[in-house]
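Below is one structure; the comments refer to it alone.
The values are calculated or read from the model by the stated rules, or taken from the named source; none is laboratory data. Just so it is clear, the model here is predicted, and its values are computed rather than measured. FYI the Cβ positions are ideal-geometry reconstructions off the backbone, even for glycines, and counts take in every protein chain you see. Heavy atoms of the whole protein, side chains included, go into the accessibility calculation; ligands, DNA and RNA do not. Shrake-Rupley method; radii C 1.70, N 1.55, O 1.52, S 1.80 Å.
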Amino acid sequence: DVKVTQSSRYLVKRTGEKVFLECVQDMDHENMFWYRQDPGLGLRLIYFSYDVKMKEKGDIPEGYSVSREKKERFSLILESASTNQTSMYLCASSLFGGYAYEQYFGPGTRLTVT
Amino acid sequence: SQKIEQNSEALNIQEGKTATLTCNYTNYSPAYLQWYRQDPGRGPVFLLLIRENEKEKRKERLKVTFDTTLKQSLFHITASQPADSATYLCALDTRPSSGATNKLIFGTGTLLAVQP
C-alpha cells in the first residue's frame, strides 16, 4: 500500500527557531512536494523536487528551504520560524512526467509558532 | 493570473440524494483536472482524474465532468451517505512548457455534509 509519512503530527516551536519537517515515501516516486494549507487559502505549493538534489520553488518559497539527499526523503526547513508560518504542512509525492499523475499525501504536520 | 473557484459555502444534502460540487477556473487551459477528498486533520486523498478531451469519468458512485468551453468541472456523488461527508478539492495541472514536473493548483475546497 502506498505510503507517505511525516515526522510529526503536531509541532510547537518558538519564533526564531530552526524547524525541520521530514517526509518519507515508500513508492519510489520521483516527485515530492511541500504544501501549506490555511483556511480560506487552500493548498499552496512551497517547494517541489523532481529528482535527488533537485528542487524548484513553488508559489510561496520565502522563509523556507528544502533538502532532498535521498529519493525517498524530502525535508522542509524553516530557517527562522515566524508566527505567520503557523499552518498545516502537507507533503506529497507522485510519479514523474508531463502527465499529471495523482499525488499521494502524508497525514500533515500542524505547526504552531509562538 | 490563474484562478480556481470552488463554492466556499458548505453543501448540505440528505442521505440518498445526489451531491453536485462545482469547480470553475479562469485564465488558463489545464490538460487534466483531478478531484481529492480531505477529511478533517488528514491529507487529501486522490479520487478521480479527467483529461481535457474526456467529457465524463465515472468510478463507482462518483462522476466527474469536464467542460473546457465553460471552464468548469462538476463532481457528483450519487446515493450519498453520511460517510461521504468531507471537503472535496479540485486541482488543475499547470501545463509546463517543458517536459518537467507537472505541478497542480488546488481550489480551496467545498465542505459536503450528508445528513442521515
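Things to note:
- Which listed residue is outside any loop (DSSP other than H, G, I, E, B), among the acidic types (Asp, Glu) and open to solvent by 20 Å² or more (accessible area, probe 1.4 Å), from A:69, A:62, A:17: A:69
- On the stretch given as segment B:16-48, residues that are open to solvent by 60 Å² or more (accessible area, probe 1.4 Å) and within 11 Å of chain A (Cβ to nearest Cβ) total 3.
- Close pairs from segment A:1-21: first within 17 Å of residue A:35 (Cα to Cα), partner open to solvent by 50 Å² or more (accessible area, probe 1.4 Å) and among the aromatic types (Phe, Trp, Tyr), Cβ under 6 Å, at least 6 apart: A:4/A:104
- Qualifying positions in segment A:80-103 - assigned to a strand (DSSP E or B) and farther than 18 Å from residue A:52 by Cα: A:87, A:88, A:89, A:90
- Count - residues of segment A:30-56 that are touching a Leu at 6+ places or on another chain (Cβ under 9 Å) and assigned to a strand (DSSP E or B): 11
- Residue A:77, sole failed condition from (1) within 10 Å of chain B (Cβ to nearest Cβ); (2) not in a loop (DSSP other than H, G, I, E, B): (1)
- Segment B:49-81, residues that are surrounded by fewer than 16 Cβ atoms within 10 Å (Cβ to Cβ) and of a type in the set (Gly, Ala, Ser): B:79
- Residue identified as surrounded by fewer than 20 Cβ atoms within 10 Å (Cβ to Cβ) and under 16 Å from the mean Cα position of the chain (by Cα) among B:84, B:93: B:84
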